[in-house]
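Inspection log for the structure reproduced underneath, given as structure tokens.
The values are calculated or read from the model by the stated rules, or taken from the named source; none is laboratory data. These numbers were taken from a predicted model, which means no experiment stands behind them. For neighbour counting, all protein chains shown are included, and Cβ atoms are generated from backbone atoms with ideal geometry for every residue, glycine included. We work out accessible area using only protein heavy atoms, side chains counted, and drop any ligands, DNA or RNA first. Shrake-Rupley method; radii C 1.70, N 1.55, O 1.52, S 1.80 Å.
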Amino acid sequence: MLSPLEQAIRKNLKHNVTVNLWDGGLFGVALGFASFSAILPLFVASMTDSATLIGLVPAIHSAGWLFPQLFTASHVSRLRQYKHTVLMTTIHERAPFFGFAIVALLLPFIGLNAGLILTMLLLIWQGLGGGFTANAWTSMISKIIPPETRGTFFGMQAGLANLFISISAIGAGYLLDYLASPWDFAACFFLAGIFFALSWFALAQTREPKDTEKIIPEEKSHFWNDAQKVLRRDKNFNWFLVVRALSQFATLGFSFYIIYALREFDMDTVTAGFLTAALAISQTIANIGMGWMGDKWGHRAMLILGGVAAFLSALLAWGATSLAWFYPIFILTGMANVSLWTISMTLTVDFCSEAERPIYIGLSQTFTAPATILAPILGGWVVDTAGFIPTFSISIVLSIVMIGILIFLVKDPRTYRLQPIARGI
């Protein structure tokens, strides 16, 4: 017998799937014009030769998205509806792209150093905006999408986003090639801002029923107390956290593929657009396929597959002799990214009940943040002091270690579930 909440969720399921796929698609168009793996690193590379600073571009985005989530977990766990919080906080992950456009236009007047500082500040704002949104957004989507189709939905949404990323990324490559500076990057960032705004309006159409059955204690629990209970009790989840942190170092070479191709093989901006499109297309296919297969055969298996893709990607980068090698490199990178982000997010909520979800999400993301910021700093330092090949070698070795932990130490949480902790929520 379905509860009133479950009945409302299933009644609005088709509508919610539709509007959130629109959100994902429009979000993808925006990201294609301002990709953290290509366009923004190229923008920073136009202001500095430092591999460390260039490598920080995707790292700041990822760390900002990950770090706040544990600290928002207690607040999110007390919400009966997540939508209002999501809509207000996500403005801060979208508005900075108009700021990037303004910085690009002002660059001839303010100089490279000032432009670089402003760009880094905007990256931090954008990353943290996503981070303060993420726990509430993941909780909302996990609430309105039934668990038996959750992996498929996350895969479809991310796949649709990456499909549109691939299209707009090619357009961004041609814009950078066709327009003179400073209009080239400014146009890309302005278009990104417009499509981010459109995706916000699609997200706002979500129908989320109020959870009147949820028991919320009068006394607010501290997020660290809840985190300690989980960490002491759930050893299987602890090994998953190790994999999450280690994955950032196993993929540290990913941040430097585009710069390696630019410096070692004289890549032009049009080719950069096509490589970004190859990355996005592979992520489109992998998101849909791995999400569906994860629902059928377990998301842990998809995580192992992603580890193998990360290993092969770094191995090919290590042995690359021409630009043609970078197409399979970026395709494998796309598979690894899907596994380590989309599939990891889906697997996280498999470890826990709905009441425990925000704290598990927070632990999974926040505990990964230090590794996310340290990995590219380490990678950038290795690139600056020893070159690209040693960086790719580190990724090869750590990918093997990560695969071993997943195979021998992490169990599928859907078949290895502990009793819920006593939290009173």
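Normalise the Cα radius of gyration of the chain by 2.2 N^0.38 Å (N = residues in it) and let me know the number.
For the chain, the normalised Cα radius of gyration is 0.95.
Can you give me the accessible area per residue for the stretch 301-425, using a 1.4 Å probe, in Å²?
Spelled out: the 1.4 Å probe surface of the stretch 301-425, per residue, equals 37 Å².
Please give the charge dipole size of the chain, origin at the Cα centre, charges +1 on K and R Cβ atoms and -1 on D and E Cβ atoms. Round to the nearest 20 debye.
With only Lys, Arg, Asp and Glu charged at Cβ, the dipole is about 1420 debye.
Pop out the carbon and sulfur fraction of the accessible area of the chain as a percent, whole number, probe 1.4 Å.
Accessible surface attributable to carbon and sulfur in the chain totals 69 percent.
Could you tell me the distance between the Cα centroids of the stretch 34-87 and the stretch 147-176, to the nearest Å?
Going from one Cα centre to the other spans 18 Å.
I'm checking a number: the convex hull volume of the Cα atoms of the stretch 1-126, normalised per residue, in Å³. What is it?
Cα-based convex hull of the stretch 1-126, divided per residue, equals 132 Å³.
Any idea what the relative contact order of the stretch 270-425 is, in percent, if you count C-alpha pairs under 8 Å spaced at least 6 apart?
This gives 31 percent for the stretch 270-425.
Which whole-number percent is the relative contact order of the chain (Cα, under 8 Å, 6+ apart)?
28 percent
For the stretch 59-103, taking Cα atoms only, what is the radius of gyration to one decimal and the Dmax to the nearest whole Å?
13.1, 40
Please enumerate, by chain and number, the aspartates and glutamates with C-alpha under 13 Å from the C-alpha of Lys411, excluding those fewer than 8 residues away in the same chain.
In chain and number order, the partners are Asp234, Asp350.
So what's the back-of-envelope 222 nm ellipticity for the chain, counting only DSSP H runs of four-plus at -39500 (n - 2.57) apiece and dividing by all residues, rounded to 500?
-24500 deg cm²/dmol
What is the stretch 289-337's relative contact order, in percent, from Cα pairs under 8 angstrom and six or more apart in sequence?
Averaging sequence separation for qualifying contacts and normalising by length gives 37 percent for the stretch 289-337.
How much of Met302 can a 1.4 Å solvent probe reach, expressed as accessible area in Å² and rounded to 10?
Probe radius 1.4 Å; accessible area of Met302 about 20 Å².
Could you name the aspartates and glutamates whose alpha carbon sits less than 19 Å from that of Lys214, not counting residues in the same chain fewer than 8 places away?
Glu6, Asp226, Glu354, Glu356
Please list the helices of the chain that count as membrane-span-like by this rule: a mean Kyte-Doolittle hydropathy of at least -1.0 together with Cα atoms stretching 24 Å or more along the helix axis, each helix being a complete DSSP H run.
13-33, 112-144, 150-178, 183-203, 269-297, 299-319, 369-386, 388-408
How large is the accessible surface per residue of the stretch 1-154, computed with a 1.4 Å probe and reported in Å² as a whole number?
37 Å²
Taking the alpha-carbon centroid of each part, what is the distance from the stretch 290-322 to the stretch 100-118 in angstrom?
Their Cα centres are 38 Å away from one another.
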